[in-house]
Amino acid sequence: MGLQCLTLAQFRLQIPLVQCRCIHSVAVRPQAKKTSPTVQELYEKLVHGDRYALSRAITLVESSRKDHREQSEALLSLILARQRQMNTEQKTVQGKPTFRIGLSGSPGVGKSTFIEAFGMYLLQQGHRVAVLAVDPSSSRTGGSILGDKTRMTYLSRQDHAYVRPTPSRGTLGGVARNTNEAIILCEASGYDVTLVETVGVGQSETMVSEMVDMFVLLVPPAGGDELQGLKKGIVELADLVIVNKADGDLMSSARAATLEYTSALKFLQPAYEGWRSKVIRVSAKEELGIDKAWETMTEYFDVMRNAGHIASKRGSQRKLWMWRQITNELLDRLNRDDSVKKTVELMEKRVYEGTMNSGQAADRVVDEFVKATTME
Ligand SMILES: Nc1nc2c(ncn2[C@@H]2O[C@H](COP(=O)(O)OP(=O)(O)OP(=O)(O)O)[C@@H](O)[C@H]2O)c(=O)[nH]1
């Protein structure tokens, strides 16, 4: 086919992937430049379950380079087209329903121990498990709460498990977009259960709850600090609360915590008809109650799926993220334009001094932005 006959989308599919500068891809295959696959080749490998292709595809969606963004959009379009063609919107290529689970909890509550035990249990049940992470610290401090130590090492060595290292840069909004896209890539690659882990800090929990089918909160076997003040909102997001460390000397505190959470949740209005948030006890370390945790999660999934709530929840989430992305993108563009930036500075000053009201100032900024974009 002559180059001039190709549409832009077709053309993108033919371009060899440019080697991402990100550490993941460089570390995986240093000579990749020579053998860079095209988007089409990457897609073929990805849907056949090639882990290297999955890592590479996630690296691609994490990149903010313009050419990488174009390639990742082409890749995601191919996946979407295939799902529509095969009528597998909520399934893996193999036809298994996909289940997205968010997992959060304070540092030290036992998230990695739980994910390792839970992931191994799911593998035994014939599932393929992907683990992704949203690290709230990366955007603010440049450091990492989740990523600084090696986590889930045993699970990550299993053939049917994929544990993605924590992205270590980018804004929380950017990380969220990447995670949403990484979920799609994992599912396209045959992982039917995707766990999205986050630490209980800042906005990351709300964000994760908005990208999964079920939000699970892991809590320690102690009086519910989470039930008071700031954390209360997070408990309210949970479809399932898991009291961890229900073993040895901690057993009686775990029992007390279970009662406390159960009575607190009793007064909440169920978010979905047919499902009331539950509280269960596990010991991730002793691998006790892991089967019960999965049983409760599948019970939730079945209720929600049969009522059509999984499809509608995912649809609403896609709309929500579209609007978040529009807002981010517009703000980015607004901040890039020099004349708009000047107006913004002036308006901020006037608003701060009280010589102009906020609404008026906002209108002026938007007008300036519209003027700048129509002149481009
Ligand atoms: N007794 C007991 N200890 C546990 C259990 N699960 C985890 N722990 C211990 O709790 C500590 C923290 O466990 P992690 O799995 O690293 O906790 P985490 O939530 O991933 O911690 P961060 O990575 O800091 O967010 C470790 O010392 C674990 O051995 C459990 O079920 N029972």
Restricting the search to the range 242-274, which residues are away from the ligand (no atom under 15 Å from the Cβ) and among the acidic types (Asp, Glu)?
Glu260, Glu273
Please verify whether the range 51-64 includes one or more residues that are surrounded by fewer than 22 Cβ atoms within 10 Å (Cβ to Cβ), free of Cβ contacts under 8 Å to residues at least 24 places away in the same chain and not aromatic (Phe, Trp, Tyr).
no
Any residue at all in the range 303-323 that is within 23 Å of Val370 (Cα to Cα) and hydrophobic (A, V, I, L, M, F, W, C)?
yes
Restricting attention to the range 279-313, and to residues there that are basic (Lys, Arg) and surrounded by 18 or more Cβ atoms within 10 Å (Cβ to Cβ), which single residue is modelled with the highest pLDDT?
Arg281
Could you check the range 108-126 and list, in sequence order, the residues that are surrounded by fewer than 18 Cβ atoms within 10 Å (Cβ to Cβ) and either assigned to a strand (DSSP E or B) or away from the ligand (no atom under 16 Å from the Cβ) (or both)?
Leu123, Gln124, Gln125, Gly126
If you check Leu60 against the conditions, is it at pLDDT 75 or above and within 26 Å of Arg128 (Cβ to Cβ)?
yes
Which of the residues belonging to the range 136-165 are within 13 Å of the ligand (Cβ to nearest atom), at pLDDT below 75 and in a helix (DSSP H, G or I)?
Pro136, Ser137
Scan the range 343-376 for residues that are buried (at least 16 other Cβ atoms within 10 Å of the Cβ) and within 18 Å of Asp332 (Cβ to Cβ) and jot them down.
Thr343, Val344, Val365, Glu368, Phe369, Ala372
For the range 91-107, what are the residues that are part of a loop (DSSP other than H, G, I, E, B) and within 16 Å of the ligand (Cβ to nearest atom)?
Ser106, Pro107
Those residues of the range 275-291 which are within 15 Å of the ligand (Cβ to nearest atom) and closer than 19 Å to Glu260 by Cβ amount to Ile280, Arg281, Val282, Ser283, Gly289
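The values are calculated or read from the model by the stated rules, or taken from the named source; none is laboratory data. No experiment lies behind these values; they were computed from the predicted model shown. Cβ sites come from the backbone with ideal geometry, for glycine too, and all protein chains shown count toward neighbours.
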